[in-house]
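Input: a single structure, listed below in structure tokens.
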Amino acid sequence: MDKKIFSKIFIDGGDPAETREAKKLLGYIDGQTTNPTLISKNPEVAAKLAKGEKFTEKEAYEFYKKVVSEISPLVDWSVSIETYSDKNTTASEMFEQSKDMYKWIPNAWIKFPTTKEGLKAASMAVKAGMRVNMTLVFSQEQAAAVYVATLGAKRGDVFLSPFVGRLDDMGEDGMSLVSNILKMYKNGDNHVFTLSASVRTLSHLLYALKLQSPIITLPFKVFKQWAETNFQLPEENFTYAPSDLVPIEYKNLDLTKPWTSFDIHHELTDVGIEKFSADWNSLVK
């Protein structure tokens, strides 16, 4: 592929076979994002569950480690690994998990949910020299809090993952949130890279490319659709304006305020945490 793509291209999945095929098609893959739900959909896991078998907790983590260890050398840059969290998990518990997960592979970014406890854990991780990916982002306030809570991190050591498709499901234009965050971050020090996540369609992808989102993570289904277009890039006149979705209004937020001053609660973050923890728990005896 000889076309210039500004954005880093990640695969969103838990199956190394998809990573290999994507790399063969594009010629490279910059990184991969994983989470408990994606690991639960891995073919080996599905086969085990179909036989009525489950993992012990230790076996489940060993399997997760095996998967990311297989993916790690296939990509050019980053692999995101998510800590377990439910509504009761504390920052200290997440941080303790992260210290072990960070040693699994040399190119790990640790995923924490964008909640009060998740931000506390991320702040501790950054101070310990770790790279992090703040996930389940659904508001500009959450993005502002992530920026402030991780100040001092090296450029690119912090990713922020706004979930486009899940906002679309609620009737809001998820891509307008990505646009708003990129606009807000222009006033900052560029230590946080916006990672467009929950990309569902080629239109999402093309607009993210148009916006020059630093990173875009694609489920293999959407990646394959893009490959079928010979990796089409947005034309100069490309526009994205879905008539059935309500744009999210831009807010002028002060990135010099304490992160605790921002209203970071979002219902979809709570729902996402519940879904991820339930899918992980479904694997464990």
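Taking every residue in the stretch 259-285 that is basic (Lys, Arg) and pairing it with any residue that is surrounded by 14 or more Cβ atoms within 10 Å (Cβ to Cβ), at least 6 positions away or on another chain, the pairs with Cβ-Cβ distances below 6 Å are LYS285/LYS54.
I'd like to check something: does the stretch 196-213 contain any residue that is assigned to a strand (DSSP E or B), modelled with pLDDT of 95 or more, of a type outside the set (Ser, Thr, Tyr) and under 21 Å from GLY118 (Cα atoms)? Outline the logic, then answer.
Within the stretch 196-213, the subset assigned to a strand (DSSP E or B) is 196-197.
Next cut, modelled with pLDDT of 95 or more only: 196-197.
After this cut, where a residue has to be of a type outside the set (Ser, Thr, Tyr) as well, the list is 197.
Subsequent filtering for residues that are under 21 Å from GLY118 (Cα atoms) retains 197.
Yes, the conditions are met somewhere in the stretch 196-213.
Applying the criterion of being touching a helix residue (DSSP H, G or I) at 6+ places or on another chain (Cβ under 6 Å) and not in a loop (DSSP other than H, G, I, E, B) to the residues of the stretch 254-269, the residue that is surrounded by the most Cβ atoms within 10 Å (Cβ to Cβ) is TRP259. Inspect all residues belonging to the stretch 142-151 and state whether any of them is surrounded by fewer than 24 Cβ atoms within 10 Å (Cβ to Cβ), of a type in the set (S, T, N, Q), in contact (Cβ under 8 Å) with a residue 12 or more places away in the chain and touching a helix residue (DSSP H, G or I) at 6+ places or on another chain (Cβ under 6 Å). The answer is yes; a qualifying residue exists. Within the stretch 87-110, residues that are over 19 Å from PHE10 (Cα atoms) sit with their Cβ atoms under 9 Å from residues that are aromatic (Phe, Trp, Tyr) and in a loop (DSSP other than H, G, I, E, B), at 6+ positions apart or across chains, in these pairs: GLU93/TYR84; MET94/TYR84; GLN97/TYR84. Here VAL137 does not qualify as crowded, with 24+ Cβ neighbours inside 10 Å, within 18 Å of SER69 (Cα to Cα) and touching a strand residue (DSSP E or B) at 6+ places or on another chain (Cβ under 8 Å). Among residues of the stretch 240-253 that are within 9 Å of GLY174 (Cα to Cα) and in a loop (DSSP other than H, G, I, E, B), those with a beta-carbon under 7 Å from a residue that is small (Gly, Ala, Ser) and modelled with pLDDT of 95 or more at least six positions away or on a different chain give the pairs LEU245/GLY171; PRO247/SER176; ILE248/SER176. Considering (1) free of Cβ contacts under 8 Å to residues at least 40 places away in the same chain; (2) in a loop (DSSP other than H, G, I, E, B), the lone condition that VAL222 does not fulfil carries the number (2). Filtering the stretch 38-74 to residues that are of a type in the set (Val, Ile, Thr) and either at pLDDT below 95 or crowded, with 21+ Cβ neighbours inside 10 Å (or both) leaves ILE39, VAL45, VAL67, VAL68, ILE71.
The values are calculated or read from the model by the stated rules, or taken from the named source; none is laboratory data. What you see is a predicted model; the values in this text were computed from it and never measured. Quick reminder, even Gly has a Cβ in these numbers, built from the backbone with ideal geometry, and neighbours come from all protein chains shown.
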